[in-house]
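Reading through the structure tokens given below for one structure.
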Amino acid sequence: MPQDMIRYDILAQEALRGVIRKVLGEVAKAGLPGNHHFFVTFLTGAPGVRISTRLHEKYPEQMTIVLQHQFWDMQVTDTQFEVGLSFGDVPERLVVPFSAIRGFYDPSVNFELEFDVEIAETVGDNDQGVTSIAPAQPEKPKVATPSAKPKPPVKAAKKPAKAGGEAAEENGEKSSASVVSLDSFRKKK
């Protein structure tokens with residue numbers, strides 16, 4: 001098989017990230033049009049991501065935020081977006097590079113993008129701080145993000161995000177929802 005010296009895969013992902021950049025830029029200027037709203041899943045440990053220590057402890061690998069009713073001061077540049085959200089009635093400022101985004105979903109029109117995001121991993125215990133870049137290994141999602149598509153959802157945060165970025169809680173108790181595969185409902189022979 002010939003080697004792809006142009007790297008069409010990278011170019012296509014960057015072009016699709018440009019779609020997110022354009023959409024969020026328009027929302028930053030004019031607000032959300034119609035019923036549009038977005039679920040954005042990103043790696044919390046990716047270079048350039050800035051979230052509070054509290055959020056990073058709660059979501060050490062990745063999280064999904066919802067941009068719908070309660071967000072403020074969104075700013076979009078060529079490389080990242082910044083937004084204010086409330087998590088458990090605590091206002092937070094998030095900075096998310098487009099390169100850290102793993103998934104983007106607009107349920108109002110069933111539009112979804114998924115990305116292969118690379119993460120830095122430690123090589124070993126005795127590596128003296130040397131790291132290597134490895135593709136993010138897909139894990140089974142612990143919580144499903146809304147999706148009307150028949151394909152598996154984007155890996156979500158440990159707790160689903162509600163509008164305004166709040167983690168889902170019921171009656172003050174932490175939600176312990178988990179993804180159940182369709183196969184578990186099928187009759188086994």
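The values are calculated or read from the model by the stated rules, or taken from the named source; none is laboratory data. Since this is a predicted model, take the numbers as computed values, not measurements. Heads up, the Cβs are rebuilt from the backbone with ideal geometry, glycines too, and the neighbour counts pull from every protein chain shown. The protein model used for the area step is the full one, side chains on, heavy atoms only, and it has no ligands, DNA or RNA in it. Shrake-Rupley method; radii C 1.70, N 1.55, O 1.52, S 1.80 Å.
Brief remarks on what is shown
Listed here are the residues, each with its yes/no results for (1) at pLDDT 50 or above; (2) within 16 Å of Ala28 (Cα to Cα).
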position: Pro91; (1), (2): yes, no
position: Phe98; (1), (2): yes, yes
position: Glu118; (1), (2): yes, no
position: Pro135; (1), (2): no, no
position: Lys149; (1), (2): no, no
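- If you check Phe81, Phe87 for being open to solvent by less than 20 Å² (accessible area, probe 1.4 Å), over 19 Å from Ser108 (Cβ atoms) and in contact with a Pro (Cβ under 9 Å, 6 or more places away or on another chain), only one passes: Phe81.
- Long-range neighbours under 8 Å by Cβ, at least six apart or interchain, first residue at positive phi within region 28-56, second hydroxyl-bearing (Ser, Thr, Tyr) and not in a loop (DSSP other than H, G, I, E, B): Gly48/Ser99
- Residues (in contact with a helix residue (DSSP H, G or I) (Cβ under 9 Å, 6 or more places away or on another chain) and open to solvent by less than 30 Å² (accessible area, probe 1.4 Å)) located in region 38-52: Phe38, Val40, Phe42, Leu43, Thr44, Ala46, Val49
- Pairs with Cβ under 6 Å, 6+ apart, first in region 87-108 and closer than 19 Å to His69 by Cα, second acidic (Asp, Glu) and at pLDDT 95 or above: Val95/Glu82; Tyr105/Glu112
- Verdict on Val66 being surrounded by 16 or more Cβ atoms within 10 Å (Cβ to Cβ) and under 18 Å from Asp106 (Cα atoms): yes
- Unique residue being of a type in the set (A, V, I, L, M) and in a loop (DSSP other than H, G, I, E, B) when the list is Leu32, Leu24, Leu85, Leu55: Leu32
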